[in-house]
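Here the structure comes first, spelled out in structure tokens, and everything after it is commentary.
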Amino acid sequence: MAYLPGRRGVLITALSALFVSGWAGRFASAQQPVPPHDPRTLAAFLDVLLPDDGVTPAASALGVPGGIEDIAGDVEPLRRLIALACDWLDQVADAPFHVLADADKQAIVAWMSTADYNEIPRRFYHLTRQLAVELAYSHATGVAGLPLAAAPQPMGYPPPWG
């Protein structure tokens, strides 16, 4: 049986695609280079989302920031969103985001998770969280400590009487 996404998933995907395509037109017409950002800010943000919890490693230990940068390499709107959001994160407090105390980082990320979805902080939070979770848990080390049963393939399911 084929996977059929729910209405909410289809709607969110369609709206995200419309948003990105709308922003892509604006960015393409601007003809401005994507501003640089501090990769330590992206890594610190992702480590707040996916910290080392003693069972699974932190996002940066799994190479998630590099994976997101690789994905963004082909998508200018995503590169621009990352650059703008990292710049915002570095300016929201008195110090760059990556040097803030853990409690301050968590408070900023918690606010981002509830901000207006059509503004940069929430959009960045939403998109990078989706990418980070996918990259982290598709990595063998990312799921090694989780109590997951191995897939029955290639041996198949055991007989019901065994």
Item to complete: At 4 °C and 1.567 mPa s, grab the translational diffusion coefficient of the stretch 34-74 from Stokes-Einstein with a Kirkwood Rh over Cα pairs, rounded to a whole number in µm² per second.
Response: 121 µm²/s
Practice prompt. Please list Trp111, Trp88 in order of solvent-accessible area, largest first, computed with a 1.4 Å probe with all protein chains present.
Written response: Trp111, Trp88
Practice prompt. Rank these residues by their accessible area, most exposed first, probe 1.4 Å: Ser138, Ser60.
Written response: Ser138, Ser60
Practice prompt. Could you give me the percent of Cα pairs per 5 Å distance bin for the stretch 39-143, shortest bin first, beginning at zero and ending with the bin that holds the maximum distance?
Written response: 2, 13, 25, 26, 21, 10, 3, 0
Worksheet item: Dividing the alpha-carbon radius of gyration of the stretch 48-97 by 2.2 N^0.38 Å (N being the number of residues), what value is obtained?
Response: 1.33
Practice prompt. Using only protein heavy atoms and a 1.4 Å probe, report how much of Leu84 is accessible, in Å² to the nearest 10.
Written response: 70 Å²
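The values are calculated or read from the model by the stated rules, or taken from the named source; none is laboratory data. Values in this document were obtained by computation on a predicted structure and should not be read as measured data. The accessibility values were calculated without ligands, DNA or RNA, using every heavy atom of the protein model including side chains. Shrake-Rupley method; radii C 1.70, N 1.55, O 1.52, S 1.80 Å.
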